[in-house]
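The values are calculated or read from the model by the stated rules, or taken from the named source; none is laboratory data. The shown structure was predicted, so the numbers you read here are calculated from the model rather than taken from an experiment. Virtual Cβ from ideal backbone geometry, glycine too; neighbours counted across all protein chains shown.
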Amino acid sequence: MEEKQSKKKEDYIKELYKRTWEDLRTTHQRFDYLLITIDGAGIYLSLELMKFLYEHHKPINVSLKAFGMCLAISIIFNFISQFCSFNICRNVLKIEEDLAFYEEPEIKKYNEKVQIFTFFASFSMLISMILMIIGVIGLIIFLYKNF
């Protein structure tokens, strides 16, 4: 009887873990879409403002270029985060494969890689968010001061 309950509990925990992992992945994807969309729109706005200023023979402010670059670099950091996230998933799959097929799995090796890639993914995402916020707020201030 206890063995049956233990098995049910174990299955429940596995299913809960799987659903949580899927929810986390979905949330991460939605956040990435939002970040890329905002960055892309900001870059487009920066370029259009530069074009407008150039056509009207007005000087292109360095701050406008800097805020546009913040948005572009934000996208680059987002790509780095995506690369690290891909490697996290790949190493988690290797851990699960080792657990399923080998008597002495090499979990420690893969777990260290997961931790390293998790750190870099989180760090890259944080830098990307900060740059996006700087770029968007900077563009708003630029527009407010100049138009």
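How many residues, within segment 81-129, are of a type in the set (Phe, Trp, Tyr) and at pLDDT below 90?
4
Only one residue in Ile116, Ile137 is within 16 Å of the chain's Cα centre (by Cα) and part of a helix (DSSP H, G or I), so which one is that?
Sole residue among the options that is within 16 Å of the chain's Cα centre (by Cα) and part of a helix (DSSP H, G or I): Ile116.
Give me the pairs: first residue in segment 39-64 and in a helix (DSSP H, G or I), second residue of a type in the set (Ser, Thr, Tyr), beta-carbon distance under 7 Å, and six or more apart or on different chains, which are they?
Pairs found: Asp39/Ser74; Leu64/Ser46.
Any residue in segment 76-99 that's of a type in the set (Ser, Thr, Tyr): show its pairings with residues that are at pLDDT below 85 at Cβ separation under 8 Å, as long as the two are six or more apart or on different chains.
Taking only residues 6 or more apart or on different chains, the pairs are Ser85/His28.
So Gly68 clears everything in (1) outside any helix (DSSP H, G or I); (2) touching a helix residue (DSSP H, G or I) at 6+ places or on another chain (Cβ under 8 Å) except one condition, right? Which one?
So Gly68 meets the others, but not (1).
Tell me the residue from Leu64, Leu71 that is at pLDDT 95 or above and either in contact with a Lys or Arg (Cβ under 9 Å, 6 or more places away or on another chain) or more than 24 Å from Gln29 (Cα to Cα) (or both), please.
Leu64
Working only within segment 100-132, note down all residues that are touching a residue at least 24 places away in the same chain (Cβ under 8 Å) and farther than 24 Å from Tyr33 by Cα.
Listed by number, the list holds a single entry, Lys113.
Output the number of the condition that Phe67 fails; it satisfies all remaining conditions of (1) under 21 Å from Ile140 (Cβ atoms); (2) surrounded by fewer than 16 Cβ atoms within 10 Å (Cβ to Cβ); (3) among the aromatic types (Phe, Trp, Tyr).
Just one mismatch for Phe67, condition (2).
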